[in-house]
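J.: This is the structure, below, for whatever I ask next.
The values are calculated or read from the model by the stated rules, or taken from the named source; none is laboratory data. Computed from a predicted structure; not experimentally measured. Note: areas computed on protein heavy atoms with side chains; ligands, DNA, RNA excluded. Shrake-Rupley method; radii C 1.70, N 1.55, O 1.52, S 1.80 Å.
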Amino acid sequence: QQQQWQRRRTNPTLFSLPTKCPSCDGVVEWHGEHLLCMNLWCSSKQQQLARRWLKTLGIPQWGPRLVQALCDQGLVRTVSDLYTLTPKVLTQLQTKPEQPEAIEEMEDAEEEEEEE
């Protein structure tokens, strides 16, 4: 292992840093140690914001796959779009959510609201 490490250290593999965002072709800039996309409407950036917001709300059932499907199908472009979703829209998605009970819980809550 010591020889492998020495070999890598003396002959490093070079790679080129991206000059634009791989998701939206937007401009990237260094911020500290991070290379960030400057496009406010970058789809990857919006997906990450939506996932972070759902985690903050304590909704772990909505994982990356569901959020990506919502964004890919144009149902969620910003965090505020999460509040426009209905159980009917979620059941018609082209992908299965990681935990379908999240949709069932929303349907139950909607039925309770209608009864009141």
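J.: If you take all C-alpha pairs in the stretch 34-97, what percent of them are over 19 Å apart?
T.: 27
J.: A further question on this structure: How large a share of the accessible area of the stretch 20-87, in percent, is made up of carbon and sulfur atoms when the probe is 1.4 Å and the other protein chains stay in place?
T.: Reported share for carbon and sulfur atoms: 55 percent.
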